[in-house]
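The structure appears right after this line, and notes come after that.
The values are calculated or read from the model by the stated rules, or taken from the named source; none is laboratory data. What you are looking at is a predicted structure, and each value in this text was computed from that prediction instead of being measured. Counting neighbours? That spans all protein chains shown, and the Cβs are built from the backbone with ideal geometry, glycine included. Calculation scope for accessible area: heavy atoms of the full protein, side chains included, ligands and nucleic acids excluded. Shrake-Rupley method; radii C 1.70, N 1.55, O 1.52, S 1.80 Å.
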Amino acid sequence: MQYLFNKAISAIPPSASMAINERAKAMRAAGKHVITLAAGEPDFDTPDRARNAGIRAISEGHTHYTESRGIRPLRESVAQMLWEDRGIACSAENILMAPGGKYAIYETVRTLINPGEGQEVMILNPGWVSYAPIVSAAGGVPVGVELDFEENYHITREALEKAVSPRTRLLIINYPNNPTGCVLSLEEAGYIADFAVEHDLLILSDEVYSTIVYDGAESISPCPLPVRRIV
């Protein structure tokens, strides 16, 4: 029997980072010394504190369905962390837990755009290799915002304006950035906020690396800025 799969999903290429990571594992298995920077994974195991907490929760019977948005104490802790670390004011009701960052991004994009309407999602380039496939899987059209190496990948209004159109619905940003390591400045955050307001766009701010900064650097989040259209 020949199976007919979803055409949009079938057209999405495999993850480039995972393909390289799997190749590296195969080379290690063959006895070769390989250092791979493909997967965003630390070189240490999950700390004992987290592992023991997971084991204890299972032993205590915390193995049943939770609230659909995630257990309240966890969401309250996340809301408190966002306020203390990022200056983002929200409550547990504004928090939605997900089984991993990639799925959270897909869920967000899938919720905010309508498949079949040609809605576009702007993505800063260079950027994480999974953003464009996620947009395609959600039924949207990924559009690259090309940033210049010679300008240290600095965000400009000109670069943003070149990529926007009447079909643009969403802008995805990621700071600290994968793969460049750039952090977002207050000036750039202002460009993004003003741009989103003027074009009536939503922003998806992926800040998964927000605590991985060095040499006194600080990555600004656009979320605390006084712009009501930012999510």
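Things to note:
- Tally, over region 37-51, of residues that are modelled with pLDDT of 90 or more and surrounded by 11 or more Cβ atoms within 10 Å (Cβ to Cβ): 1
- Of the helices (runs of 4 or more DSSP H) lying entirely inside region 1-100, none contains at least 2 residues that are of a type in the set (D, E).
- When H64 is tested against (1) touching a Leu at 6+ places or on another chain (Cβ under 8 Å); (2) open to solvent by 90 Å² or more (accessible area, probe 1.4 Å); (3) not polar (S, T, N, Q), exactly one condition is not met: (1).
- Residue match in region 130-137 (condition: open to solvent by less than 30 Å² (accessible area, probe 1.4 Å), among the aromatic types (F, W, Y) and out of contact with any Phe, Trp or Tyr (no Cβ under 8 Å at 6 or more places or on another chain)): yes
- The single residue among V143, V121 that is under 18 Å from the mean Cα position of the chain (by Cα), open to solvent by less than 10 Å² (accessible area, probe 1.4 Å), of a type in the set (A, V, I, L, M, F, W, C) and at pLDDT 95 or above turns out to be V121.
- First in region 1-12 and at negative phi and touching a residue at least 12 places away in the same chain (Cβ under 8 Å), second anywhere and of a type in the set (S, T, N, Q) and surrounded by 10 or more Cβ atoms within 10 Å (Cβ to Cβ), Cβ under 7 Å, 6 or more apart: A8/S136; I12/S136
- Flag for A104 being small (G, A, S), out of contact with any Asp or Glu (no Cβ under 7 Å at 6 or more places or on another chain) and in contact (Cβ under 8 Å) with a residue 12 or more places away in the chain: no
- Scan of region 69-114 for residues that are open to solvent by less than 90 Å² (accessible area, probe 1.4 Å), among the basic types (K, R) and under 19 Å from the mean Cα position of the chain (by Cα), ordered by number: R69, R75, R86
- Of the numbered criteria (1) under 30 Å from A8 (Cα atoms); (2) of a type in the set (A, V, I, L, M, F, W, C); (3) free of Cβ contacts under 8 Å to residues at least 12 places away in the same chain, the one F44 fails is (1).
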